[in-house]
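**Student:** The structure's right below; bear with me while I get my questions together.
We did not get these values from a lab; they are worked out from the coordinates using the rules stated. Fair warning: this is a prediction, and the values are worked out from it, not measured in the lab. With ideal geometry, Cβ positions are generated from the backbone for all residues, glycine too; neighbour counts draw on all protein chains shown.
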Amino acid sequence: FLGQNAAMGFVDALVLSKVLQGEPDMRKAMETYSAERKNHVQFQQDNSRKLTNIFRSAALPVKFYREHLMSKLLHLPGQRKSMATLIARAEKSLKKSPLRKKYGI
């Protein structure tokens, strides 16, 4: 999830760049940028709050799940796609993402 947040920074930079190119008024540009990223940022913040305890926990049941079961779950059919969807927060394919349509990302 830390890598996802780093990747999100690149998306933030691209969206901000595109918004600034299309809106000369800084206040309006920042309002547009904030509105565009609000839902995705909120989603990532919520997930980070939930997952931080799992990834930092030293409690044996959590540690066992994290280190032994989670890696095996990835090999079940459909799990990689499910995780990619969760990470991208894409209800549709990434090709139909609103960011791709609106900003070419």
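**Student:** Ranked from highest to lowest mean number of other Cβ atoms within 10 Å per residue, what is the order of the peptides 55-66, 13-24?
**Tutor:** Details: 55-66: 11.0, 13-24: 14.2.
My ranking of the peptides, most packed first, is 13-24, 55-66.
**Student:** Give me the net charge for the shell around residue 31: Cβ to Cβ below 10 angstrom, other residues only, Lys and Arg +1, Asp and Glu -1. Before the final figure, lay out the partial values.
**Tutor:** Details: positive: 27, 28; negative: 23, 25, 36.
Here the charged neighbours net out to -1.
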